[in-house]
1. For the chain, what is the largest minus smallest coordinate of the Cα atoms on each principal axis, given in angstrom and ordered from greatest to least?
2. Restricting to DSSP H runs of at least four residues, report the calculated mean residue ellipticity at 222 nm for the chain, -39500 (n - 2.57) per run over all residues, nearest 500 deg cm²/dmol.
3. Using a 7 Å offset from Cα along Cα-Cβ at residue 100, what residues in region 32-60 end up with backbone N under 14 Å from the label point?
4. Report the far tail of the P(r) of region 87-161, meaning the percent of Cα-Cα pairs longer than 15 Å.
5. Relative to the first principal axis of the alpha-carbon coordinates of the chain, what is the inclination of helix 58-71, with its axis defined by its Cα atoms, in degrees from 0 to 90 and to the nearest 10?
6. Over the Cα atoms of region 1-63, how large are the radius of gyration and the largest Cα-Cα distance (Dmax), in Å?
7. Of the listed peptides 141-154, 114-127, what is their order by residue-averaged count of other C-beta atoms within 10 Å, with the highest listed first?
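Please treat every number below as a calculation from the coordinates, not as lab data. Bear in mind the structure is a predicted one, so any value in this text is a computation, not a measurement. With ideal geometry, Cβ positions are generated from the backbone for all residues, glycine too; neighbour counts draw on all protein chains shown.
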Amino acid sequence: MLMKRLLLVRHAKAVHDNDYTDFERPLKHKGVQNATDMAERLKSESLIPQVLITSPSLRTQATADIFAEHLGLSKPKQNKNIYDAGRHELLKIISEFDDKHDFVGFVGHNPGIAELIYYYSGKTPDVSPGSVALVAFEVDEWKLLGQDTGTMTWFSSPKEH
């Protein structure tokens with residue numbers, strides 16, 4: 001049986017500042033550092049997805065770019081529907097992933113990322129900014145992912161230093 005693996009990434013710490021719209025909020029210096037650390041953790045564990053798909057907001061794009069750079073991946077693909085999406089929309093996006101990819105990194109926002117982890121695995125880790133969860137599924141098509149069909153096999157957050 002083939003396996004699909006989904007790396008769920010919450011964007012790193014971003015600026016909370018009235019000078020920016022929500023969509024345009026940049027990462028804080030600490031967020032850049034945290035994203036770099038998390039990418040290096042993944043690399044050290046050989047957890048490198050084939051492709052990264054990200055929300056187009058500045059903070060998720062910046063997080064995804066840092067991961068891509070450190071993991072030696074091509075430029076992350078943006079999906080405008082991830083930004084501001086509820087769980088049902090996020091599930092639809094994931095179900096439409098290309099089956100040629102068995103390991104996809106998905107960079108998004110809370111509460112969506114935490115909801116996806118819970119929906120797929122039943123686990124409720126503290127998904128602070130920059131957190132990463134790996135959920136594995138014993139299916140060979142993305143459209144077959146469903147509630148409680150996954151196992152969270154790895155979780156890490158910047159708080160773990």
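1. Taking the Cα atoms of the chain, the three principal extents are 48, 32, 30 Å.
2. Values: 4 runs with 49 residues, N = 161.
After summing the helix terms and dividing by the residues of the chain, the value is -9500 deg cm²/dmol.
3. Within reach of a label on residue 100, which here means backbone N under 14 Å from a point 7 Å along Cα→Cβ, region 32-60 contributes 50-51.
4. Values: 1488 of 2775 pairs.
Within region 87-161, distances greater than 15 Å cover 54 percent of Cα pairs.
5. The helix 58-71 is inclined about 70 degrees to the chain.
6. 13.8, 51
7. Details: 141-154: 15.0, 114-127: 18.1.
Ranked from most to least packed, the peptides come out as 114-127, 141-154.
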